[in-house]
Amino acid sequence: MLFFRSEEHLNNWAQYDPATKDGISTLDGMVSMFSSNLFKKRMDPDFFSKMGDYLGELIEGMGTFKGVGLYMKS
């Protein structure tokens, strides 16, 4: 995982590949995703039985994964 201070800084990185642009996310997006119940409650004893609900909450709360810069390709 690499962190860049701006999109310009990323574009100037010698190893930057524009083909990977769809996999780039903002820090705010990652914090939002990893703050969801899907990640916070993974040590709960009933996690697996509720995992579908947690995933639904995550998707509903973000609209789609585009909110964190993750795009699901079909």
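The values are calculated or read from the model by the stated rules, or taken from the named source; none is laboratory data. Just so we're clear, the structure is a prediction, and the values are computed from it rather than from any experiment. Cβ sites come from the backbone with ideal geometry, for glycine too, and all protein chains shown count toward neighbours.
Scanning region 15-63 for residues that are small (Gly, Ala, Ser), surrounded by 14 or more Cβ atoms within 10 Å (Cβ to Cβ) and assigned to a helix (DSSP H, G or I) turns up Gly29, Ser32. For residues in region 24-61 being of a type in the set (Ser, Thr, Tyr) and within 12 Å of the chain's Cα centre (by Cα), which is farthest from Trp13 (Cα to Cα)? Of everything passing the filter in region 24-61, Ser36 is farthest from Trp13 (Cα to Cα). Just so you know, in region 10-29 the residues that are among the aliphatic types (A, V, I, L, M) and modelled with pLDDT of 80 or more include one that is farthest from Glu57 (Cα to Cα), and it is Ala14.
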